[in-house]
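The values are calculated or read from the model by the stated rules, or taken from the named source; none is laboratory data. Here the structure is a predicted model, which is why all the values come from computation and not from measurement. Here the Cβ positions follow ideal geometry from the backbone for every residue, glycine too, while neighbour counts run over all protein chains shown.
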Amino acid sequence: MSKESDSLKKVKEDILRILDERKRNVSVEIITEEIKDSPSVIYQAIKELENEGLIKSQKGFLKLTEKNKEKADDILRKHLALEDYFKRTKTGREAHEMAHILEHYISQEVLYKLQSLSALKKQSFPLTDLNAGEQGIISDFTFSDYGLFERIISMGIFPGEKIRMINEIPDGIIIRIENKKFAIGKNVAKKIKVLK
């Protein structure tokens, strides 16, 4: 998926989530304030959602159609479950921002894994403590740089995923998630928490 279409997909999901959270008509102005993307992408997303029959626009306000209520509810449920998961180790604002980023990437299956991991999060340790060949499950992140968090998530490195330490390299480590290998710096790896 291209960066532009990925951005458009996220914006469309964000619009649906915001409309479902508010349970009322929401002005386009509020949507553009809450979604951190270019106005052209936001307006393109609104137009596509209208063409798909998922939202209605009237006099500068947006609302969900009945056709889309179920999809919007699913997006909101995923967001709230992720926010709850991160609130155990983050501030409310950090948990909200991390959930907002992660909701676009994870499947329902991974969300179920996270819910079972939440009780074990306190037992997690830095990824750098795994030895070569050992495997763990990603449980949390301790960095608060949302740009870095989004880059890590977009690579497929997110809570609930199995991760294997392949090898150490100068100032970094090589890891494997599913069939993909990554090299990441030790300073980032120390902030990725895992469980054995």
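Take the range 72-100 and flag every residue that is within 15 Å of I138 (Cβ to Cβ) and surrounded by 20 or more Cβ atoms within 10 Å (Cβ to Cβ).
Within the range 72-100, L82, Y85, F86, M98 qualify.
Within the bounds of the range 149-172, is there any residue that is buried (at least 16 other Cβ atoms within 10 Å of the Cβ), among the aliphatic types (A, V, I, L, M) and in a loop (DSSP other than H, G, I, E, B)?
Looking for residues that are buried (at least 16 other Cβ atoms within 10 Å of the Cβ), among the aliphatic types (A, V, I, L, M) and in a loop (DSSP other than H, G, I, E, B), one finds at least one in the range 149-172, hence yes.
Looking at the structure I just gave you, is D73 touching a residue at least 12 places away in the same chain (Cβ under 8 Å), among the acidic types (D, E) and either closer than 19 Å to G156 by Cα or not in a helix (DSSP H, G or I) (or both)?
Answer is no for this residue.
Take the range 152-185 and flag every residue that is over 19 Å from the mean Cα position of the chain (by Cα), under 23 Å from L111 (Cβ atoms) and not β-branched (V, I, T).
R164, R176, N179, K180, F182
Sort out which residues of the range 64-76 are modelled with pLDDT of 80 or more and under 14 Å from E13 (Cα atoms), and write them in order of number.
Just the residues of the range 64-76 that are modelled with pLDDT of 80 or more, to begin with: 64-65.
Once the filter is applied, which keeps residues that are modelled with pLDDT of 80 or more and under 14 Å from E13 (Cα atoms), the range 64-76 yields only L64.
Identify, by number, the condition in (1) more than 16 Å from H104 (Cβ to Cβ); (2) under 16 Å from the mean Cα position of the chain (by Cα); (3) at pLDDT 85 or above; (4) not β-branched (V, I, T) that K12 doesn't meet.
Single failed check for K12: (1).
Regarding R22, is this residue closer than 28 Å to Y112 by Cα, of a type outside the set (A, V, I, L, M, F, W, C), out of contact with any Asp or Glu (no Cβ under 9 Å at 6 or more places or on another chain) and modelled with pLDDT under 85? Steps first, please.
Details: closer than 28 Å to Y112 by Cα: yes; of a type outside the set (A, V, I, L, M, F, W, C): yes; out of contact with any Asp or Glu (no Cβ under 9 Å at 6 or more places or on another chain): yes; modelled with pLDDT under 85: yes.
Criteria met by R22.
Is there a residue in the range 112-121 that is touching a Gly at 6+ places or on another chain (Cβ under 6 Å), of a type outside the set (F, W, Y) and either under 30 Å from K9 (Cα atoms) or surrounded by fewer than 16 Cβ atoms within 10 Å (Cβ to Cβ) (or both)?
Within the range 112-121, one or more residues are touching a Gly at 6+ places or on another chain (Cβ under 6 Å), of a type outside the set (F, W, Y) and either under 30 Å from K9 (Cα atoms) or surrounded by fewer than 16 Cβ atoms within 10 Å (Cβ to Cβ) (or both).
When the residues of the range 43-52 are filtered to those that are farther than 19 Å from L76 by Cα and not basic (K, R), which remaining residue is surrounded by the fewest Cβ atoms within 10 Å (Cβ to Cβ)?
N51
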